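The values are calculated or read from the model by the stated rules, or taken from the named source; none is laboratory data. Keep in mind that what you see is a predicted model, and the values were worked out from it rather than measured. Don't worry about glycine lacking a Cβ; one is built from the backbone with ideal geometry, like all the others, and counts go over all protein chains shown.
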Amino acid sequence: MAKYLVLIYEDEASWTGAGPEDFDRTYKEHTAFGENNAAALLGGDALHPTSTATSIRKDSSGDFLVTDGPFVETKEVICDYYLIEAADLDEAIAVGKQVPAPYGGVEVRPVQIFE
Amino acid sequence: MTPAVAAAVADAHRREWAFVLAATVRVTRDLDLAEECVQDAYAKALTTWGTRGVPASPGAWLTTVAKNRALDLLRRDATMRRSLPLLLDDRIETASDETDETGGHEVADDRLRLIFTCCHPAIAPQARVALTLRLLCGLTTAEVARAFLVSEPTMAARITRAKKKIAAARIPYRLPPAEALPARIDAVLTVVHLLFTTGHTAPAGDSLVRRDLVELSLDLARMLRTLLPDDADVAGLLALILLTDARSATRVARDGRLLPLAEQDRSSWDRTAIGEGVPLVQEALRRRPPGRFVLMAAIAAVHSEAPTWDATDWSEVVALYDLLVRIWPSPVVALNRAVAVGFAAGPVRGLAELDALAAEPQLAGYGYLAASRADFLRRLGRTAEARTAYEEALLLTENALERDFLAERLARLGD
């Protein structure tokens, strides 16, 4: 078995404009996803908006440069994630297809294991 | 080493490479190591076959030598190899019954696993073609680079990246489950078809056809036909390649001019290839609904069976394009359909169909749209407009023979 991080990329602006019924529906979808994939799920959470993110880089002189905002400015940003376990990429993609992402999609990344 | 031995090894390289590599990957579960062992086996064949003669079954001999080499290296480097991510193979992981895996079908050939791994949807389309040429056809990176007119370091990076992804993301070395099979086969056929079209009309350069690429695509299509004999789309693609390639010798005149279908000497078409292709189309069409390769092959078959250009059943061609556009709504297909309409119902109708496609962004840089418009305008005697269209087509065409053809048509408008 291998671990994959399923990153949910969505358009934050769409979520800002979403109503309670949208949140409610998506919450239910995530609950159903969790129940249907309980065996594969190792963890996962929703994240606060990228306006709360802080990025830390080292500048050329080796000092930390701490900036407000996400690491990369894009329309679709990481909003939530799941950590899953799957035998191979086909299985991980099958799980990824079930992840609710009404305003975007998901990226499936294999997790490196150091032994 | 005698020329006979060299020829036998070259022949085994072409016929057996995929078989030997696919079987060796099962032992190594690492593509690079498997390639290395298979290369060693071919090198060994050059010397051993010279002294002991060519074995009765070269493929089996090469597979045994490559597998033994792999086991040897694996034993020697046991510790190092353990740290590498290995390809997944169901039979090793779970020792599951072979018949279960294929849904009760016949035992699968390892080459199929290799093809589905190379053409996995999680690999970039360009890399799928490159991997297929490298692993299934046994081309060197330099040869793959030349086939696609990119530099060798660029191609090497592309292949390395794809192989790393296969290992790290654990793209499995196995047959897709039955429900995913049609989509996965389509990805494989797309790779083989791209290889064929690239060879059939080279995108640039002095020769119209890249014979090497056409041969490779034909070999792959035949291999797929052997491995998936019941698949209608596989039969369709093989037929399409055979029927289109059957006309290749007549596409260029003795003086080097490009000859359109209307002017080709039909008596010189390859009747053997047509005789093989037409029954494949008939077989594939029995399966409903027909897929895109089957329909394209059926269109090619209409041309193959027409005794003359004037006797072409254009209404049949248009009917097949109507079906094709419905399942494959590509602007290029729509363009071909528009041209067929022009021959079935006259240049006025054809031109109207072409002009309806003028706004398609995908056709903006496509020389065939301007060339087709130019041809219909010429037939209608609208010389000034035809001239503009030929000039536009010339700007968008990079194949030397196609350019000469357009330039000659343009020159003939003058008088």
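Things worth noting here:
- Within region A:40-69, restricting attention to residues that are polar (S, T, N, Q) and assigned to a strand (DSSP E or B), the residue that is farthest from residue A:28 (Cα to Cα) is A:67.
- Hey, residue A:88 within 14 Å of another protein chain (Cβ to nearest Cβ) and under 24 Å from residue A:3 (Cα atoms) or not: yes
- Test: residue in region B:225-232 that is buried (at least 17 other Cβ atoms within 10 Å of the Cβ) and under 24 Å from residue B:397 (Cβ atoms): no
- The set of residues in region B:378-402 being within 20 Å of residue B:332 (Cα to Cα) and either part of a helix (DSSP H, G or I) or of a type in the set (Gly, Ala, Ser) (or both) consists of B:389, B:390, B:392, B:393, B:394, B:395, B:402.
- Within region A:15-36, considering residues that are loosely packed, with under 14 Cβ neighbours inside 10 Å and of a type in the set (Ser, Thr, Tyr), the one farthest from the other protein chains (Cβ to nearest Cβ): A:16
- Here A:46, A:40, A:2, A:92 are screened, and the one residue that is over 17 Å from the mean Cα position of the chain (by Cα) and aliphatic (A, V, I, L, M) is A:2.
- Candidates A:83, A:65 - the one that is under 21 Å from residue A:42 (Cβ atoms) and either in contact with a Lys or Arg (Cβ under 7 Å, 6 or more places away or on another chain) or more than 13 Å from every other protein chain (Cβ to nearest Cβ) (or both): A:83
- Verdict on residue A:99 being part of a strand (DSSP E or B), closer than 28 Å to residue B:120 by Cβ and modelled with pLDDT of 95 or more: no
- Looking across A:76, A:107, one residue alone is under 17 Å from the mean Cα position of the chain (by Cα), within 14 Å of chain B (Cβ to nearest Cβ), closer than 30 Å to residue B:162 by Cα and among the acidic types (Asp, Glu). It is A:107.
- Qualifying residue in region B:201-208 (condition: surrounded by fewer than 21 Cβ atoms within 10 Å (Cβ to Cβ) and in a helix (DSSP H, G or I)): no
- Qualifying residue in region B:119-141 (condition: within 14 Å of another protein chain (Cβ to nearest Cβ), touching a residue at least 60 places away in the same chain (Cβ under 8 Å) and within 20 Å of residue B:199 (Cβ to Cβ)): yes
- Being under 24 Å from residue B:168 (Cα atoms), modelled with pLDDT of 90 or more and loosely packed, with under 12 Cβ neighbours inside 10 Å holds for only one residue in A:87, A:94, A:46, A:39, and it is A:39.
- Filter result (surrounded by fewer than 23 Cβ atoms within 10 Å (Cβ to Cβ) and basic (Lys, Arg)) within region B:363-394: B:378, B:379, B:382, B:387
- Checked against the criterion of being charged (D, E, K, R) and under 27 Å from the mean Cα position of the chain (by Cα), region B:40-63 contains not a single residue that satisfies it.
Quick grid of which residues meet (1) without any contact (Cβ under 8 Å) to a residue 12 or more places away in the chain; (2) within 29 Å of residue B:171 (Cα to Cα):
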{"position": "A:35", "(1), (2)": "yes, yes"}
{"position": "A:45", "(1), (2)": "no, yes"}
{"position": "A:53", "(1), (2)": "no, no"}
{"position": "A:59", "(1), (2)": "yes, no"}
{"position": "A:67", "(1), (2)": "no, no"}
{"position": "A:85", "(1), (2)": "no, yes"}
{"position": "A:90", "(1), (2)": "yes, yes"}
{"position": "A:105", "(1), (2)": "no, yes"}
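- Looking only at region B:142-170, residues that are within 14 Å of another protein chain (Cβ to nearest Cβ) and free of Cβ contacts under 8 Å to residues at least 12 places away in the same chain come to 1 in all.
- Boolean, residue B:187 is among the hydrophobic types (A, V, I, L, M, F, W, C), under 13 Å from the mean Cα position of the chain (by Cα) and within 14 Å of chain A (Cβ to nearest Cβ): yes
- Set B:41, B:45: member being in contact (Cβ under 8 Å) with a residue 12 or more places away in the chain and over 23 Å from residue B:227 (Cβ atoms): B:45
- Restricting attention to region B:141-195, the residues that are in a helix (DSSP H, G or I) and either touching a strand residue (DSSP E or B) at 6+ places or on another chain (Cβ under 7 Å) or of a type in the set (Lys, Arg) (or both) add up to 8.
- Residues of region B:128-161 satisfying the condition of being surrounded by 20 or more Cβ atoms within 10 Å (Cβ to Cβ), hydrophobic (A, V, I, L, M, F, W, C) and under 14 Å from the mean Cα position of the chain (by Cα): B:129, B:130, B:131, B:133, B:136, B:137, B:144, B:147
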